[in-house]
Amino acid sequence: MTNSQIADVFELVADLLEFQDENPFRVRAYRNGARAIRNLGDSVAAIVQDDPKRLQQVEGIGKAVAEKCEVLVRTGELPQLKKLQDEIPESVLSIMRIPGMGPKKTAAVYHELGIATLDDLRTACQQGRIQAIKGFGKKTEQTILSGIDLAAVAEQRIYWATADEIVEQLRQHLGELTEIQQLEFAGSYRRGRETVGDLDVLVVASRADQVMDHFARFSGSPKVMARGDTKMSIRIASGLQIDLRIVPPESFGAALQYFTGSKEHNVVLRTRAKQRGLKINEYGVYRVEGDQEKYVAGQREQDVYAALDLPWFPPELREARHEFAWAETGDLPELIRWEDIQGDLHAHTDETDGRNSLDEMAEAAQDRGLKYLAITDHSKRVSMAGGLDERRLLDQWERIDRWNERASGEFRLLKGIECDILEKGGLDLPDDVLAQADWVLASIHYGQRQPREQITARILEAIRHPHVSAIAHPTGRLINQRPPYDVDLDAVFAAARQHGKLLELNANPMRLDLDDVFCAAAKSHGIPIAINTDAHSVESLDLMRYGILQARRAGLTKADVANTRTWTELKKMIGGKQRKKRGK
Ligand code: DGT
Ligand code: CA
Ligand code: CA
Ligand code: ZN
């Protein structure tokens, strides 16, 4: 079990205990434990193997949580959680996850109105019965209503990053079998979609029955939904379904192509095949001659495409958007890769709400092969995070100057700031301070629910501001949790283009604002995208890969991404058009 899976279990326990109105101290012990484990550099599983007593020395992990970690790691499950789950209807959980609900409010609607499902809750909101409960108002009712739709989706789709963890475990698990000759994960996971509905696994193996028996032992004891000769589906504890298919070697490429999808991409292929007197399915490409079908291709994916006179498509592009038109004219983009990234333009330190010091962040960025890192802590308006006022910011920049003077290599730290765009408009720090920065991000943390005109006007004003380099998280969405701001992105694109400003693709797998479609739109406006981790710790500098994946889905190349440039090049790029505007 990974740390984040263990943390999820404890958070669930905390939620369920709180729902049952348990002692708040007990609830807090589990929440603190979950947070500590999520932030822990070492793997809990490894500590348990090595010396379980060490767990209690971790700050935030008490005796009870430490003992339960041991049980979890050794058995893969927690009896206490099982008991809670028996007592509380499962559908209640999805109510709890709605923004603004939480365990306490969920318990209130459950006990007062007997509401246990999202559908019940929606009806009750529409009938105005929720606002009658103590502690709820008309506004809460509205918030709940808009949250229900998000929650309904969240129930069915998990983050790509979560899917990726499970894929890694399943790869290891199936890797234990020597009977497996080929193994690949297809579906939306392979296409890198930001959320994944279920996993699709393809296998070439000499003994199907053994593979299936082994598959049934993955991750504790999953529920076997269906088992045939070549196909099997399981559901693991988290609720995720995994479809396994065993295919003959001469069909592996065809199956990989077919089950990678997307459905829409496959529809185009089928039509194309027909036009050529061919037939395509998950077994191969066949030439149709009278009532005979002759196998043409199927072993390798590229052969399948070649049989239809098509190049091999990177899976991220297979959404039937532009890929076929590009192939036609030979313009398939060479998609951005992680190795192309030179720097990261959004990172926090322990000066505000980051976990690591400036020195630690700098070292970690160098370890990852980056050539520059912009330190962009929060500005003072974000008081919750201990945002920086002028004095503290200038102090930090002085330390950055000194750091760069001391450093011998090529790597440098950039003097940056994530400057808040105030609710009433305008920036949180004075111009003469911002003028001294290498790199200024502007972003919205407050007033996110303002009406469209107001929030758009605030962002446009920031874009026009001479010292702003880029807009950080331009939509503010949290995938599966919080909808984007009601912002007019067309207006944002137009302004960004006019003023030579960059837009951020936040690489955090729960954020990824801009999404693939918006990134492609930004590109079509000629706006450079900055893929930033928004790292709040050294480990989260690794989030870059999720941003890259989304950028690839948008068809972005190295040239479309600003931080593939050296700092000298990038400085010229943000300086050029912007300085002209300033009349220098
Ligand atoms: P998901 O699981 O909802 O995140 O999305 P996918 O794309 O993984 O969809 P899934 O698991 O239902 O099916 C995997 C792939 O199999 C899908 O991308 C394309 C292919 N496929 C499934 N059903 C059909 C179908 O009815 N027609 C065609 N042409 N392809 C299909
Ligand atoms: Ca799937
Ligand atoms: Ca599937
Ligand atoms: Zn940030």
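Quick notes
- Criterion (farther than 19 Å from Ala522 by Cβ and either in a loop (DSSP other than H, G, I, E, B) or open to solvent by 30 Å² or more (accessible area, probe 1.4 Å) (or both)) met by exactly one of Tyr446, Tyr485: Tyr446
- Among the residues of segment 19-29, those identified as within 14 Å of Gln80 (Cβ to Cβ), open to solvent by 30 Å² or more (accessible area, probe 1.4 Å) and part of a helix (DSSP H, G or I) are Arg26, Ala29.
- Residues located in segment 58-73, provided they are at pLDDT 90 or above and either basic (Lys, Arg) or over 15 Å from Ala14 (Cβ atoms) (or both): Lys63, Ala66, Glu67, Lys68, Glu70, Val71, Val73
- Only residues that are open to solvent by 80 Å² or more (accessible area, probe 1.4 Å), within 14 Å of ligand 1 (Cβ to nearest atom) and of a type in the set (D, E, K, R) were counted across segment 212-256, and they come to 2.
One line per residue, one yes/no per condition, for (1) without any contact (Cβ under 8 Å) to a residue 12 or more places away in the chain; (2) surrounded by 15 or more Cβ atoms within 10 Å (Cβ to Cβ); (3) over 21 Å from Leu93 (Cβ atoms):
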{"position": "Gln5", "(1), (2), (3)": "no, yes, no"}
{"position": "Asp8", "(1), (2), (3)": "no, yes, no"}
{"position": "Asn39", "(1), (2), (3)": "no, yes, yes"}
{"position": "Asp42", "(1), (2), (3)": "yes, no, yes"}
{"position": "Gln49", "(1), (2), (3)": "no, no, yes"}
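- Entry remark, segment 258-278: residues being part of a loop (DSSP other than H, G, I, E, B) and either touching a Lys or Arg at 6+ places or on another chain (Cβ under 7 Å) or not assigned by TED's automatic domain parsing to the domain that holds Val296 (or both) number 3 in total.
- Qualifying positions in segment 74-90 - closer than 11 Å to Phe10 by Cα and in a helix (DSSP H, G or I): Gln80, Leu81
- Selection of segment 187-211 for residues being in contact with a Lys or Arg (Cβ under 7 Å, 6 or more places away or on another chain), near ligand 2 (Cβ under 9 Å from one of its atoms) and open to solvent by 10 Å² or more (accessible area, probe 1.4 Å) yields only Gly197.
Here's the yes/no breakdown for (1) in contact (Cβ under 8 Å) with a residue 60 or more places away in the chain; (2) within 30 Å of His473 (Cα to Cα); (3) open to solvent by 50 Å² or more (accessible area, probe 1.4 Å); (4) of a type in the set (S, T, N, Q):
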position: Lys279; (1), (2), (3), (4): no, no, yes, no
position: Leu317; (1), (2), (3), (4): yes, yes, no, no
position: Glu339; (1), (2), (3), (4): no, yes, yes, no
position: Leu345; (1), (2), (3), (4): yes, yes, no, no
position: Ser357; (1), (2), (3), (4): no, yes, no, yes
position: Lys380; (1), (2), (3), (4): no, yes, yes, no
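- Neighbours by Cβ (under 7 Å, 6+ apart or cross-chain): first from segment 295-308, part of a strand (DSSP E or B); second among the β-branched types (Val, Ile, Thr): Val296/Val285; Ala297/Val285; Ala297/Val304
- Taken residue by residue, segment 185-204 has no member that is assigned to a strand (DSSP E or B), free of Cβ contacts under 8 Å to residues at least 24 places away in the same chain and away from ligand 1 (no atom under 13 Å from the Cβ).
- For Thr456, the conditions (1) within 13 Å of Gly425 (Cβ to Cβ); (2) open to solvent by 20 Å² or more (accessible area, probe 1.4 Å) all hold with the exception of (2).
- Looking only at segment 233-257, and only at residues there that are assigned to a strand (DSSP E or B) and within 16 Å of ligand 2 (Cβ to nearest atom), the one that is farthest from the chain's Cα centre (by Cα): Arg245
The values are calculated or read from the model by the stated rules, or taken from the named source; none is laboratory data. For clarity, every value in this text was computed on a predicted model and none was experimentally measured. Cβ atoms come from the backbone with ideal geometry, glycine included; neighbour counts cover every protein chain shown. Only protein heavy atoms, including side chains, enter the accessible area calculation; ligands, DNA and RNA are left aside. Shrake-Rupley method; radii C 1.70, N 1.55, O 1.52, S 1.80 Å.
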